[in-house]
Structure formats: C-alpha cells, structure tokens
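Worksheet: one structure, shown below.
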Amino acid sequence: MDADNRLVLTGTVVTTPAMSRSPAGVPHCEFALEHQSQQMEADFPRRAWCYVTVIASGHGIQPQTVNLTKGSVANVTGFISHHRTPNGVGKLVLHAQQIEMIA
C-alpha cells in the first residue's frame, strides 16, 4: 500500500544526539525534539506542544546531524513509524529524511 506519511516539525533538540551503528554498519543518530507553537483550530488559537524521538539513519543524512547539539533549533522532515521500547511500550518515532539547522 502506497499512502502519504510525511511530517515536517520545527523544534528544539532537548537530548544530546546519540550516534550509533547497526551490525550492518548503518549509522544512526537519535535525539528528542520538542515543538511548541500556536495553531488555529475552529477559528480559535490553540497551543500545540509535542516531544518526539527522531532517528536519522543512513550515510546520506549523517552530514546533517554533525552539528546538532542539545539546544539546537532544527526543522526536521520525515515520516512517522511505530517503535516498541525495550520495556514493551509503543511510541511514534519521526524518521528524519532531511534536517535543516535553524539556530
């Protein structure tokens, strides 16, 4: 099934990016992004806030993660997917396909 799954989120990196490699040698960078904004809903302003884990995998995106630090502001584009934590809790994760540093 081919369906839309695209998310663009601007936020602050709130955890130190963790670099790792899979057994196959694929590089990964994982960090948490916090987003805060005001959005309009039903003609009323609404505060929007979320905290999401971001995973950037592969050699192509790694140069975009080199300068990420806790406190960086970034615009992340990618897709969301379900991940299960080691203790069995499910969560949505943003798989980054592009990371643009803002500040």
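Just so you know, all these numbers are worked out from the coordinates, no wet-lab data involved. This is a predicted model, so every value here is computed, not measured. Glycine gets a Cβ as well: all are built from the backbone with ideal geometry, and neighbour counts include every protein chain shown.
Quick notes on this structure:
- Checked against the criterion of being free of Cβ contacts under 8 Å to residues at least 60 places away in the same chain and not in a loop (DSSP other than H, G, I, E, B), the candidates H95, H59 yield just one match: H95.
- Candidates V8, V76, V54, V66: the one that is within 13 Å of I99 (Cα to Cα), aliphatic (A, V, I, L, M) and not in a strand (DSSP E or B) is V66.
- Residues in the stretch 11-28 that are in a strand (DSSP E or B) and either among the β-branched types (V, I, T) or within 10 Å of the chain's Cα centre (by Cα) (or both): G11, T12, V13.
A quick yes/no check of all residues on (1) surrounded by 13 or more Cβ atoms within 10 Å (Cβ to Cβ); (2) polar (S, T, N, Q); (3) under 9 Å from the mean Cα position of the chain (by Cα):
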site	(1), (2), (3)
W49	no, no, no
V54	yes, no, yes
T65	yes, yes, no
S72	yes, yes, no
T77	yes, yes, yes
S81	no, yes, no
N87	no, yes, no
L92	no, no, no
M101	yes, no, no
